[in-house]
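The values are calculated or read from the model by the stated rules, or taken from the named source; none is laboratory data. Here the structure is a predicted model, which means the values were calculated and not measured. Heads up, the Cβs are rebuilt from the backbone with ideal geometry, glycines too, and the neighbour counts pull from every protein chain shown. All accessible areas refer to the heavy atoms of the entire protein, side chains included, with ligands and DNA or RNA removed. Shrake-Rupley method; radii C 1.70, N 1.55, O 1.52, S 1.80 Å.
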Number of protein chains: 2
Amino acid sequence: MSERALGGARRAVRDPADLDAKLEALASLCVTVGVNLQRGQELVVSAPIEAQPLVRHVAATAYRAGARLVTCLYEDPHLVRAHLDHGDDQALDCAAAWMSEAVARALEAGAGRLFIYGPYPDLLTGADPQRIARMHAALAASMKAEAAMTAGLRVNWCAIPFVTESWARMVRPGVPPDAAVALLWDDLFDVLRIGEADPIERWQAHLRTLAARRDALEARRIDALHFYDGQTDIRIGLARGHRWIGGASIAANGVQAVCNMPAEEIFTCPHRERAEGRLVASRPLALGGVRVEGLVLTFRGGRIIDTHATRGKEMLDALLASDEGARRLGEVGLVPESSRVAAKRVLYYNTLLDENAASHVAFGQSYAACLSDDLAPEATGANRSSLHVDCMLGSATMNVDAILPGGEVEPLMRRGEFTL
Amino acid sequence: MSERALGGARRAVRDPADLDAKLEALASLCVTVGVNLQRGQELVVSAPIEAQPLVRHVAATAYRAGARLVTCLYEDPHLVRAHLDHGDDQALDCAAAWMSEAVARALEAGAGRLFIYGPYPDLLTGADPQRIARMHAALAASMKAEAAMTAGLRVNWCAIPFVTESWARMVRPGVPPDAAVALLWDDLFDVLRIGEADPIERWQAHLRTLAARRDALEARRIDALHFYDGQTDIRIGLARGHRWIGGASIAANGVQAVCNMPAEEIFTCPHRERAEGRLVASRPLALGGVRVEGLVLTFRGGRIIDTHATRGKEMLDALLASDEGARRLGEVGLVPESSRVAAKRVLYYNTLLDENAASHVAFGQSYAACLSDDLAPEATGANRSSLHVDCMLGSATMNVDAILPGGEVEPLMRRGEFTL
């Protein structure tokens, strides 16, 4: 692997000017196709400090596209660690709700939103899982106002990945850090269609494919999905009034956005009480820097009644104990094995990529955008929680059937590929 | 100068471990003496991204002192420049009021505030002064809510300087950038009493000296100040109910803070209609990266009726045209020639330092904290403006007299030193 990979790195982003040109193309893609920023709109960006070179291109692109104002909330991972290491007992339950509420007000007043997501998987290494879980709960509670705006697709928003050195070292543990960063950028630019001729037109064609697939699923009014591959065997009932989402969506403000880039999945909302069976995770989970491996879950009545893992079980159990909804499903997503991300055969420890590499479920909070407006939320059976953690189950041997309202069974995927 | 100075740089902060230890001491000083953060208080920090190594120490120090939460709003100068270069006409008048209002709410709810001020004097080089002035006006308007909390000393807050490479290059134009940064840190650590034995106790002794001087000025109920040195000859009437401030102050929340570090000045509020005469600036002004040199101002009835400058007059005139109050005085401060900052004989192009190097006035907004609560603000004669720009007039030849309520004249300073 290292021979091919290092060759790729030399070929591409080892050259600073080439990296900068590709970051500029990425900025253009996420502003014009992802957020689809409208003339006169404000743009609120979140990014780790390491992403400053990308943020500069985002600002220039956005202002040229007629942005009224670009504001970036830079995130410093060291402040999170200082909070965890030195904060007293009272401090652990405290987060900046005033900041999240301010962003929510900016969105209500018309701003678009861009999340540049650069993970720090080793940030919390060695910290007490109970303290991490308390900080996580405080943070999630403080962000409710803003999360309602984005998860409910009330404004046009987009989340894209950014390569941090911490993340690259985790993905490529045997490779020198500089090379690991270059290799991960190569993968990202490839799955994001950056560096090819006319990436914007390639994205539009890809979005048309996803839209056709989504419309076919939507038309069937599926009652439940059945996943089975010899190890996993689980039936997941869907919420009443569920909607399938994937690729481009139209936000409540009328603007079309691609909320996650890359975008390979089509997903919807399960019923919180209707998952039955056994789920064998096809890839590890990354939880606040802790890896959970060899994960097997048993569901009864929609609830996880048993967890087994060869590594990281303590951390997972602590998170699943956050609230009642943490043990139930909030999302189910379908991804073919032929997706650009799956084709890499790399575990990225990053939901934005890994959820586009394999079919998956998520424990915890559901997305309001996956539900019809015609029903009251409590009538749909959609789950609620402060948590949202993705868990991959798709593989090259996975079959998925749709169970239709009349009980008929229709194949959706065979050996990891759509049969629709 | 370079021989002495480079020797100093080799002696001190050229060693990364030494710099880091001094940044840690600076963090401790500004959290415990500057902001004087109380157990259970939140701390809201603003800092340029370059100041990340200092911010980490601030967070650790603050959490150890019982901070409930430390939040840093990182400032990216490149986004300001992108706004100026690429923003359309509508964008120029737009600033993030939602952010400033959120900070104001955090302060109202009990947070302390720390400003880490790292200037970028070359940031706006070559930009249109009219566009700069419009952005400045929009920014000042958007920050009203928060500025009222700090200028009115309603909470404990502190501003400290931080060495950016841009600033160091301006202060030491003939020196390689790394050496310029090291030299400027040497100066800062010296005037901040960092790197000496027990800097906290040295600060407490210095604050007692400033308090005695402030009390002596306060007791006289001075009607006007007369500055004269053969070139400058100006009488500045003070506002009704003015208060002298300097060193430590007690904020409305009951917490003592040192709002500016270093702290050498004692200052108060002039009457907006009572400045008469000629002011010859003793040092250049730095206005948004533009230097104003050879500045001579004529005052009648408190108003600047004539400006003369050998450089930068266009920029100054544009700012003075911001609003009616921009042409009138909002502050007058007294600083002896023996201050640690004056002793450096260096022009820093940074108000936090230069206003502690020489007696000065400021055009524009007054400080509510310099006024008695017993009078309605409009009854005091205090000035109001979106602008606040300091202008140094003190020198080793400057004399200052106090004109007392009965018309008696009492010397306050002779040849730049207090005679009190």
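Of all helices (runs of 4 or more DSSP H) completely enclosed by region A:318-420, which ones contain at least 1 residues that are among the hydroxyl-bearing types (S, T, Y)? Steps first, answer last, please.
Details: elements: A:340-343, A:351-354, A:377-380.
In region A:318-420, the matching helices (runs of 4 or more DSSP H) lie at A:351-354, A:377-380.
Candidates are the residues of region B:367-383 that are at pLDDT 95 or above and not hydrophobic (A, V, I, L, M, F, W, C); the one that is nearest to B:R274 (Cα to Cα) is B:G381.
Criterion applied to B:R68, B:R64, B:R56, B:R134 was being in contact with a helix residue (DSSP H, G or I) (Cβ under 9 Å, 6 or more places away or on another chain), under 20 Å from A:Q52 (Cα atoms) and basic (K, R), and the one residue passing it is B:R56.
In the set A:R243, A:R274, A:R235, which member is of a type in the set (K, R) and closer than 30 Å to A:Q38 by Cβ? Give the derivation first.
Details: A:R274 fails: closer than 30 Å to A:Q38 by Cβ; A:R235 fails: closer than 30 Å to A:Q38 by Cβ.
From the options A:R243, A:R274, A:R235, the qualifying one is A:R243.
A single entry from B:M99, B:M149 fulfils the requirement of being more than 10 Å from chain A (Cβ to nearest Cβ) and either touching a Cys at 6+ places or on another chain (Cβ under 6 Å) or part of a helix (DSSP H, G or I) (or both): B:M149.
For region B:72-96, which positions are under 30 Å from A:A82 (Cβ atoms) and more than 8 Å from chain A (Cβ to nearest Cβ)? Within region B:72-96, B:E75, B:P77, B:V80 qualify.
Working carefully through the options B:R14, B:R4, find the one that is at pLDDT below 95, of a type in the set (D, E, K, R) and not in a helix (DSSP H, G or I).
Details: B:R4 fails: not in a helix (DSSP H, G or I).
None of the other options fit; the residue is B:R14.
Residues in region A:341-358 that are farther than 16 Å from A:M261 by Cα and crowded, with 22+ Cβ neighbours inside 10 Å: 0 in all. The set of residues in region B:50-71 that are assigned to a loop (DSSP other than H, G, I, E, B) and within 7 Å of chain A (Cβ to nearest Cβ) comprises B:G66, B:A67, B:R68. One residue stands out in region A:152-178 among those that are small (G, A, S) and not in a strand (DSSP E or B): the one that is surrounded by the most Cβ atoms within 10 Å (Cβ to Cβ), namely A:A168. Looking only at region A:86-129, residues that are of a type outside the set (G, A, S), open to solvent by less than 20 Å² (accessible area, probe 1.4 Å) and within 24 Å of the chain's Cα centre (by Cα) come to 7 in all.
Can you pull out the strands (runs of 3 or more DSSP E) entirely within region A:275-316 that have at least 1 residues that are polar (S, T, N, Q) and modelled with pLDDT of 90 or more? Working first, answer last.
Working: elements: A:285-287, A:290-292, A:296-300, A:303-308.
Filter on region A:275-316 gives A:296-300, A:303-308.
Among the residues of region A:254-268, is there at least one that is in contact (Cβ under 8 Å) with a residue 40 or more places away in the chain, farther than 20 Å from A:T351 by Cβ and of a type outside the set (S, T, Y)?
Let us first name the residues in region A:254-268 that are in contact (Cβ under 8 Å) with a residue 40 or more places away in the chain, namely A:255-268.
With the extra rule that they be farther than 20 Å from A:T351 by Cβ, the set shrinks to A:255-256.
Within this subset, residues satisfying the condition of being of a type outside the set (S, T, Y) are A:255-256.
Among the residues of region A:254-268, at least one is in contact (Cβ under 8 Å) with a residue 40 or more places away in the chain, farther than 20 Å from A:T351 by Cβ and of a type outside the set (S, T, Y), which makes the answer yes.
Assess whether A:I132 counts as being more than 11 Å from every other protein chain (Cβ to nearest Cβ), open to solvent by less than 10 Å² (accessible area, probe 1.4 Å) and in contact (Cβ under 8 Å) with a residue 60 or more places away in the chain. No, not satisfied.
For region A:297-340, how many residues meet the condition of being closer than 22 Å to A:G247 by Cα and surrounded by 15 or more Cβ atoms within 10 Å (Cβ to Cβ)?
Of region A:297-340, the ones closer than 22 Å to A:G247 by Cα are A:329-340.
When the remaining residues are screened for being surrounded by 15 or more Cβ atoms within 10 Å (Cβ to Cβ), the result is A:329-337, A:339-340.
Qualifying residue count, region A:297-340: 11.
Scan region A:141-150 for residues that are open to solvent by 30 Å² or more (accessible area, probe 1.4 Å) and either of a type outside the set (G, A, S) or more than 16 Å from A:V45 (Cα to Cα) (or both) and jot them down. A:A141, A:M143, A:K144, A:A145, A:A148 - these are the residues of region A:141-150 that are open to solvent by 30 Å² or more (accessible area, probe 1.4 Å) and either of a type outside the set (G, A, S) or more than 16 Å from A:V45 (Cα to Cα) (or both).
All conditions in (1) more than 17 Å from the chain's Cα centre (by Cα); (2) at pLDDT 95 or above; (3) over 20 Å from A:F115 (Cα atoms) hold for A:T268, with the sole exception of (1).
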